[in-house]
1. Here's a check for you: in region 319-334, which residue that is part of a loop (DSSP other than H, G, I, E, B) and open to solvent by 40 Å² or more (accessible area, probe 1.4 Å) is nearest to Val116 (Cα to Cα)?
2. In region 130-145, which residues are assigned to a loop (DSSP other than H, G, I, E, B) and open to solvent by less than 40 Å² (accessible area, probe 1.4 Å)?
3. Of everything in region 277-289, what is part of a strand (DSSP E or B) and out of contact with any Ser or Thr (no Cβ under 6 Å at 6 or more places or on another chain)? Give them in sequence order.
4. Which one of these does Val337 not meet: (1) in a strand (DSSP E or B); (2) without any contact (Cβ under 8 Å) to a residue 24 or more places away in the chain?
5. Quick test for you: out of Asn247, Asn170, Asn279, pick the one residue that is out of contact with any strand residue (DSSP E or B) (no Cβ under 6 Å at 6 or more places or on another chain), open to solvent by less than 20 Å² (accessible area, probe 1.4 Å) and not acidic (Asp, Glu).
6. Considering every residue within region 2-21, establish whether at least one is at pLDDT below 85, surrounded by 14 or more Cβ atoms within 10 Å (Cβ to Cβ), among the small types (Gly, Ala, Ser) and outside any helix (DSSP H, G or I).
7. Collect the residues in region 185-216 that are in a helix (DSSP H, G or I) and either over 24 Å from the mean Cα position of the chain (by Cα) or among the β-branched types (Val, Ile, Thr) (or both), keeping them in residue-number order.
Amino acid sequence: MSFKNKFSLNILSALLAVYTVAGAWLATRAQQPSNDPGAQQRIFESVLSHIQNDYVDEPNMEKVRAGALRGLAYGLDPYSTYLTPDQVKGYQADGKSSQVGIGAELSQVASFLYVVAPVKGSPADQAGVRAGDIIEYIDGKATRDISLYDARQLLNGTSGSDVKLRILRNRALTLTVKRGSFRAPAAEGHMEAGKIGVLRINSLDNGEAADARARLQDLLKQGAQKIVVDLRSVAGGEIQEGVTVANFFIRDGSIAETIGRSQKVLKTFDADPKVALFNGPANVLIDNGTAGAAEVIASAFLEHKRGDVVGEKSFGAGAEQELFTLRDGDGLLLTTVKWASASGKPFLGEDRARSGIAPSVEVKRPDNLEASDLEDVSGTEEEPGTKPNQAPAKPGTQPEVIAPKPQPEDTQLKKAIELLREKSVSSRSE
């Protein structure tokens, strides 16, 4: 069975389980509005009564309560979760812990731990973790159906310690990542023929917009008259950093919003004309690993018709959580704010289909196009640099030399440059 089919079968099994459980109380729910809090509370009270009165053993109500709270949060989004009392203390002490991670932006897709993108230069990146990887096991512990917060705790540890990850990609493989502190490299820039500058953003954490500004100014000094902004595999970051980078190319108008309950606009981020640097032709590159603050830039380009957005649909992230402590010391970490485009469309939608930013010009990566038939090698290990089922070399013979695969052509960047070459320079940098 291919991994693709296996993955689909797991999703189908999960859906069947949900419908089986739901069928038991559909009669109770009939003719009641699905979002009626009173109706939902009566359902839970009925379930609790059955547990207390009909379960074969004396139930441990503390475990029942914790399980129910986990389930409630699990039905919201990947970033909302129930925290135990110890986890609440750890969350409140964030920044004081000596533990470090692996450097990857994570989410959940169909109950699996999903790598949105590794941070460039991080331990995860150096170990070979890629955007789009599914982490099936962390040090032998299954990640399916555990919370994103719990998975991150499994990944964290002392600096220099190893964590073993079983990855599902085109095939199953195991990677060992050495935990450690890291810093994403600063923004980079290079020139292409036709006076086209390519600005590569590697991070949008605090302070990174200043690096991007410096690289953009360098490109303009080198004579760049057109710019490609490469946001591929840039996930996470701070919304203000994304707004600032977008502002380099957009002189006025709204760039992004934060929204709360009932789509209430909490804050609007407007362009500052004094921050604008370049008003010539510009395009943006995005892919499935683009998320969070980078989506601010991509959406601003689209909604302001500032230039083409080339590549693949972005992942869809950008949310803020608030901790609500409960009387026993545990707590609920709930998403209370979502990041949105200037038109109010949140990047994190209600489901995968409604999340992310669709490019104006779609160009898929060649490796994604070849992923239609993935061989299932679950339960096998491959030594680095060897072929599956490769027989050992006979004594006295030279081992076969395996030539490295040539790097595939960057078709997305090529397309973004082609589109810019078709545009005339009708305006100049500020």
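The values are calculated or read from the model by the stated rules, or taken from the named source; none is laboratory data. Just so you know, these numbers come straight off a predicted model, no measurement behind them. Heads up, the Cβs are rebuilt from the backbone with ideal geometry, glycines too, and the neighbour counts pull from every protein chain shown. To get the accessible areas, we keep the full protein, side chains included, count just its heavy atoms, and leave off ligands, DNA and RNA. Shrake-Rupley method; radii C 1.70, N 1.55, O 1.52, S 1.80 Å.
1. Leu326
2. Across region 130-145, the qualifying residues are Gly132, Asp133, Thr143.
3. Hits for region 277-289 are Ala282, Asn283, Val284, Leu285.
4. Here Val337 clears every test but (2).
5. Asn247
6. The answer is yes, given that some residue of region 2-21 is at pLDDT below 85, surrounded by 14 or more Cβ atoms within 10 Å (Cβ to Cβ), among the small types (Gly, Ala, Ser) and outside any helix (DSSP H, G or I).
7. Arg213, Ala214, Arg215, Leu216
Residues checked against (1) in contact with a strand residue (DSSP E or B) (Cβ under 8 Å, 6 or more places away or on another chain); (2) surrounded by fewer than 11 Cβ atoms within 10 Å (Cβ to Cβ); (3) at pLDDT below 95:
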{"residue": "Ile43", "(1), (2), (3)": "no, no, yes"}
{"residue": "Ala66", "(1), (2), (3)": "yes, no, yes"}
{"residue": "Asp77", "(1), (2), (3)": "yes, no, yes"}
{"residue": "Gly95", "(1), (2), (3)": "no, yes, yes"}
{"residue": "Val100", "(1), (2), (3)": "yes, no, yes"}
{"residue": "Glu105", "(1), (2), (3)": "yes, no, no"}
{"residue": "Gly128", "(1), (2), (3)": "yes, no, no"}
